[in-house]
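Participant: Here it is: the structure, laid out below.
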Protein chains: 2
Amino acid sequence: MSEEKSTGRRAATGAPRPTRRSFTEEQVVDTALDLLDDGGPSALSIRAVAGRLGVNPNAVYTYVASRADLERAVIERVLAAVPLGPLSDPGVEWTAAVIQFALGLRDQLLAHPAVATLMMSGPMDGVAARDVGEAMFGCLARGGLPAQTRAHGVYAVIVQVLGAVALEVAETDGKPPLPPESERIAQRRAALDEVDATRWPRTAAHLDEIAAWNSVDQFVWGLRALLTGMTAA
Amino acid sequence: MSEEKSTGRRAATGAPRPTRRSFTEEQVVDTALDLLDDGGPSALSIRAVAGRLGVNPNAVYTYVASRADLERAVIERVLAAVPLGPLSDPGVEWTAAVIQFALGLRDQLLAHPAVATLMMSGPMDGVAARDVGEAMFGCLARGGLPAQTRAHGVYAVIVQVLGAVALEVAETDGKPPLPPESERIAQRRAALDEVDATRWPRTAAHLDEIAAWNSVDQFVWGLRALLTGMTAA
DNA sequence: ACCTGAACACCGTTCAAGT
DNA sequence: ACCTGAACACCGTTCAAGT
């Protein structure tokens with residue numbers, strides 16, 4: 001109906017021309033996250049996103065380059081919501097700060113369980129991941145750890161935290177809200193009744209503790225052990 | 001051509017009748033693992049397994065209940081090949097035994113990278129996983145750790161080991177053999193050149209160390225820190 | 001009991017065409 | 001520039017039928 005070239009601008013202008021997109025990339029990513037939260041890991045697809053937005057499947061490719069690209073964006077979105085404040089708060093002792101941060105990261109991932117799985121299956125090199133690393137480096141430096149220990153320590157903590165959350169989430173259907181901890185432990189405990197005590201006697205002697213492997217207590221215990229060991233080294 | 005009921009046996013006999021299966025479940029699982037090794041994570045499908053076996057897609061359901069079931073079987077198969085000997089060798093100091101076992105598990109998973117990812121996305125409650133847990137319990141008991149510490153410690157080690165391997169593998173294409181460590185580190189180092197030193201100064205100060213996060217050295221360092229911290233507690 | 005053949009309801013991605 | 005429409009080459013799983 002109107003003249004497309006009415007502005008008469010050319011490529012000489014570095015600024016991108018105003019577009020007439022129906023959505024923003026943020027909306028597309030939000031939709032993807034909604035799908036994951038509503039239906040678990042298998043609910044995310046380009047076609048499902050398109051369907052929820054009311055467009056043809058291929059229209060999604062206006063906003064993301066591929067399904068993998070969309071997944072990266074969702075991960076970034078969730079990671080960016082993790083509180084980093086504790087790590088740079090000079091009033092909090094550094095190991096307490098790491099634990100507080102780790103609990104916040106865990107909360108965020110348990111709120112979007114399907115994303116936790118996604119995070120373990122691709123490189124974490126986005127802006128939000130960098131921010132996390134940077135804040136961790138700051139915290140360990142504040143703790144007085146020598147440079148080498150700092151670098152090893154930052155990654156060891158990330159491994160412990162993401163590993164624990166991923167294994168925790170792997171036992172759920174990936175749809176938030178997850179059952180409360182007590183319920184998930186009880187379910188594990190019930191399943192452990194099937195363990196053959198003749199074949200795995202030492203395991204059978206620890207059924208209650210094993211059932212609680214998916215607990216905050218275990219999470220913090222592992223992290224504390226790691227932090228203690230890092231400091232000793 | 002022949003009489004199907006020639007034996008005349010009935011359901012009263014508990015033993016299953018002899019079958020005329022074209023394959024064994026083991027062959028099907030082997031085929032699945034071959035597909036993963038040849039083509040990475042996305043290469044595994046029921047239809048691809050069927051294709052490689054030369055049968056119709058649904059014939060695969062004679063041997064596995066579902067795709068998820070097949071994945072569980074593949075994980076079990078890989079996990080069963082991890083050497084547990086070190087953990088029960090009384091001649092090896094217990095922390096050295098854990099590290100030796102962990103390196104063996106890492107080797108096995110780096111040889112089948114796609115399986116490492118699979119392992120983080122489902123519950124690990126198979127026979128092979130139980131055997132690993134049992135051996136770990138034995139090792140930590142031999143180390144003289146009190147019962148409570150043992151239970152926490154076994155899981156913390158599993159988290160650290162599987163978390164590290166999963167993140168390591170997540171940066172590859174999942175097809176063995178993976179490039180040698182030096183090459184993978186060099187590639188990470190090159191990518192890190194893009195890091196904005198103004199925005200992430202502490203990160204920028206550690207580019208060489210961060211590039212080496214995917215190394216055996218880092219792997220052992222994290223594990224040692226954890227073991228040290230566990231002993232102190 | 002185990003296979004084939006056919007079908008259902010999906011995928012990600014690409015291409016050509018419209019506006 | 002962004003959308004529609006159509007297509008290609010896939011999925012997991014189910015059902016009915018053959019042997």
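The values are calculated or read from the model by the stated rules, or taken from the named source; none is laboratory data. What you see is a predicted model; the values in this text were computed from it and never measured. Every residue, glycine as well, gets a Cβ built from its backbone with ideal geometry; the counts of neighbours run over all protein chains shown.
Participant: Would you check if B:THR228 is within 9 Å of another protein chain (Cβ to nearest Cβ) and either on the phi > 0 side of the Ramachandran plot or hydroxyl-bearing (Ser, Thr, Tyr) (or both)?
Facilitator: For B:THR228, the condition - within 9 Å of another protein chain (Cβ to nearest Cβ) and either on the phi > 0 side of the Ramachandran plot or hydroxyl-bearing (Ser, Thr, Tyr) (or both) - is met.
Participant: Can you name the residue in the range B:44-55 that is in contact (Cβ under 8 Å) with a residue 12 or more places away in the chain and more than 10 Å from DNA strand C (Cβ to nearest atom) and, of all such residues, is nearest to the chain's Cα centre (by Cα)?
Facilitator: Checked the range B:44-55; the qualifying residue nearest to the chain's Cα centre (by Cα) is B:LEU44.
Participant: Counting only residues that are more than 13 Å from DNA strand D (Cβ to nearest atom) and in a loop (DSSP other than H, G, I, E, B), which one in the range B:15-30 is modelled with the lowest pLDDT?
Facilitator: This residue is B:ALA15.
Participant: Taking the options A:ARG184, A:ARG142, name whichever one is closer than 25 Å to A:ALA232 by Cβ and more than 9 Å from chain B (Cβ to nearest Cβ).
Facilitator: A:ARG142
Participant: Would you check if B:PHE101 is more than 12 Å from chain A (Cβ to nearest Cβ) and aromatic (Phe, Trp, Tyr)?
Facilitator: Yes.
Participant: If you check B:VAL132, B:VAL165, B:VAL161, B:VAL154, which single one turns out to be free of Cβ contacts under 8 Å to residues at least 60 places away in the same chain and under 20 Å from B:HIS112 (Cβ atoms)?
Facilitator: Matching residue, one of B:VAL132, B:VAL165, B:VAL161, B:VAL154: B:VAL132.
Participant: Taking B:SER215 as meeting all but one of (1) among the polar types (S, T, N, Q); (2) facing chain A (nearest Cβ under 8 Å); (3) out of contact with any Leu (no Cβ under 6 Å at 6 or more places or on another chain); (4) touching a residue at least 24 places away in the same chain (Cβ under 8 Å), write down the number of the exception.
Facilitator: All conditions pass for B:SER215, except number (2).
Participant: Looking at the structure I just gave you, is B:LEU33 part of a helix (DSSP H, G or I), within 14 Å of chain A (Cβ to nearest Cβ), modelled with pLDDT of 95 or more and more than 14 Å from DNA strand C (Cβ to nearest atom)?
Facilitator: no
Participant: Just to be sure I understand the filter: pairs with C-beta atoms under 9 Å, separated by 6 or more residues or on different chains, first member in the range B:58-82 and farther than 18 Å from B:HIS112 by Cβ, second member modelled with pLDDT under 95 and away from DNA strand D (no atom under 16 Å from the Cβ). Which pairs pass?
Facilitator: none
The rows are residues; the columns are (1) in contact with a helix residue (DSSP H, G or I) (Cβ under 7 Å, 6 or more places away or on another chain); (2) away from DNA strand C (no atom under 16 Å from the Cβ); (3) more than 24 Å from A:VAL216 (Cα to Cα).
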| position | (1), (2), (3) |
| --- | --- |
| A:TYR61 | no, no, yes |
| A:LEU70 | yes, no, yes |
| A:ALA97 | yes, yes, no |
| A:ARG142 | yes, yes, yes |
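Participant: Among the helices (runs of 4 or more DSSP H) confined wholly to the range B:102-181, which include 3 or more residues that are within 29 Å of B:LEU192 (Cβ to Cβ) and not hydroxyl-bearing (Ser, Thr, Tyr)?
Facilitator: Result: B:113-119, B:147-169.
Participant: Turning to a different aspect of this structure: Within the range B:100-109, identify whether any single residue is within 16 Å of DNA strand C (Cβ to nearest atom) and over 25 Å from A:ARG67 (Cβ atoms), and answer yes or no.
Facilitator: No - not one qualifying residue is present in the range B:100-109.
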